[in-house]
1. Looking for something of a type in the set (Ser, Thr, Tyr), within 24 Å of GLN8 (Cα to Cα), open to solvent by 20 Å² or more (accessible area, probe 1.4 Å) and touching a residue at least 24 places away in the same chain (Cβ under 8 Å) - is there at least one such residue anywhere in the range 164-174?
2. Among what's in the range 85-96 and is over 22 Å from the mean Cα position of the chain (by Cα) and either of a type in the set (Val, Ile, Thr) or more than 13 Å from LEU27 (Cα to Cα) (or both), pick the residue that is surrounded by the most Cβ atoms within 10 Å (Cβ to Cβ).
3. Name the residue, out of ALA14, ALA9, that is under 27 Å from ALA170 (Cβ atoms), crowded, with 24+ Cβ neighbours inside 10 Å and modelled with pLDDT of 95 or more.
4. Take the residues of the range 17-45 that are in contact with a strand residue (DSSP E or B) (Cβ under 9 Å, 6 or more places away or on another chain), among the charged types (D, E, K, R) and under 22 Å from THR110 (Cα atoms): which is most open to solvent (accessible area, probe 1.4 Å)?
5. All but one of (1) surrounded by fewer than 18 Cβ atoms within 10 Å (Cβ to Cβ); (2) under 30 Å from HIS296 (Cβ atoms); (3) among the hydroxyl-bearing types (Ser, Thr, Tyr) hold for THR118, so report the exception by its number.
6. Name the single residue, out of those in the range 97-115 being hydrophobic (A, V, I, L, M, F, W, C) and open to solvent by 10 Å² or more (accessible area, probe 1.4 Å), that is farthest from the chain's Cα centre (by Cα).
7. How many residues does the range 317-350 contain that are open to solvent by less than 10 Å² (accessible area, probe 1.4 Å), modelled with pLDDT under 95 and closer than 26 Å to GLU100 by Cβ?
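The values are calculated or read from the model by the stated rules, or taken from the named source; none is laboratory data. Note that the structure is predicted; figures quoted are calculated from it, not measured. Please note: Cβ atoms are built from the backbone with ideal geometry, for glycine as well, and neighbour counts cover all protein chains shown. Side chains are part of the model used for accessible areas, which takes the heavy atoms of the whole protein and leaves out ligands, DNA and RNA. Shrake-Rupley method; radii C 1.70, N 1.55, O 1.52, S 1.80 Å.
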Amino acid sequence: MIVAGGGQAGLATAHLARRAGRRPVLLEANDEPLGSWPRYYDSLRLFSPARFSALPGLAFPGDPERYPARDEVVGYLRSYRAGLDVDIRTKQAVRTVIAESGDGGFRVTTAAGTTLTTRTLIAATGWFGAPHVPALPGTFRGRVLHSADYRCPAPFAGQRVVVVGGGNSAVQIAVDLAGSARVSLVTRAALRWAPQRPLGRDIHWWLARTGLDGAPIGPRLAGRGSPVLDAGRYRRAVAAGRPDHRPMFTTADDTQVRWADGRIEDIDTIILATGYRPNLSYLRALGALDAQGRPHHRRGLSTTAPGLAFVGLEYQRSISSATLRGVGRDAEFVLRGMEFGQPRPAFIRP
């Protein structure tokens with residue numbers, strides 16, 4: 001069995017597969033199997049407490065009620081990887097997968113020129129490797145970044161900055177910047193807020209208690225996205241105008257934007273907190289993706305390529321599918337659901 005991707009989804013899948021007696025080969029594009037975590041912005045903190053932010057088989061260390069920072073998650077993933085009895089091969093980004101003739105299976109080729117074959121493949125490259133950069137309404141010539149490229153406020157000191165997006169990352173980045181830059185948070189709809197600790201308990205406690213965290217989710221609900229989880233800090237900052245919240249600008253030309261009320265303003269930087277798309281282009285030759293690059297699947301099991309499954313997709317089975325706490329549940333589900341038979345061991349051709 002091959003697991004493509006060594007972030008949280010791939011590590012959880014490899015652990016559960018090994019525990020079930022399989023011998024997975026995990027292929028990771030980078031020097032370490034840490035996923036996107038080392039590249040997130042410096043001030044990032046999880047919106048779930050440590051007790052609800054663990055992969056299967058290893059509790060998150062320290063106070064279970066705290067909200068871990070980015071670097072704590074990186075350290076946790078390193079510890080998790082160190083405890084795995086799994087064949088992990090780094091600098092092996094999967095580039096193409098084609099169906100084998102005869103008795104089925106897949107031929108997997110990496111960017112390093114390695115070729116492997118397997119009867120079962122789990123695509124765990126997740127949801128955060130392909131930033132979504134929508135076209136702006138105009139020909140803006142100022143600086144445009146995706147939130148994936150944002151690290152800290154220092155390079156933006158004194159600038160006029162617009163952050164596009166209404167999710168957790170957009171709000172967190174806009175508030176982070178507001179101490180050193182003039183910042184507007186812009187959205188097409190009203191911001192949706194959710195209390196982080198209703199009735200004194202973190203919302204993830206309630207989701208786990210009620211079973212909603214892992215419950216199947218319908219496409220209509222998934223399409224709405226997630227509200228901003230907040231204990232009050234971010235809502236107070238927006239209410240105080242640090243950052244201010246505005247409707248989406250109508251045009252962005254040269255180094256200016258035109259606001260909905262007709263005013264024109266010079267802007268130094270636009271940061272697009274506009275989410276991600278599946279990082280699955282290597283599966284296109286299998287016919288496993290639709291025209292937008294989204295996988296044909298049912299709860300993580302491919303509906304077009306027998307022996308192929310997915311872990312780490314947003315809303316794959318539930319609201320927690322793309323999170324530390326949710327990838328293990330989804331991995332267990334697809335491992336149970338795949339008909340492994342007697343998989344042919346992967347082999348390497350120079």
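1. yes
2. VAL86
3. ALA9
4. The qualifying residue most open to solvent (accessible area, probe 1.4 Å) is ARG23.
5. (1)
6. Checking each candidate, the answer is ALA99.
7. Number of matching residues: 0.
Yes/no matrix, rows are residues, columns are (1) farther than 30 Å from VAL175 by Cβ; (2) in contact with a Gly (Cβ under 9 Å, 6 or more places away or on another chain):
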position	(1), (2)
GLY62	no, no
VAL73	no, no
LEU77	no, yes
VAL108	yes, no
LEU136	no, no
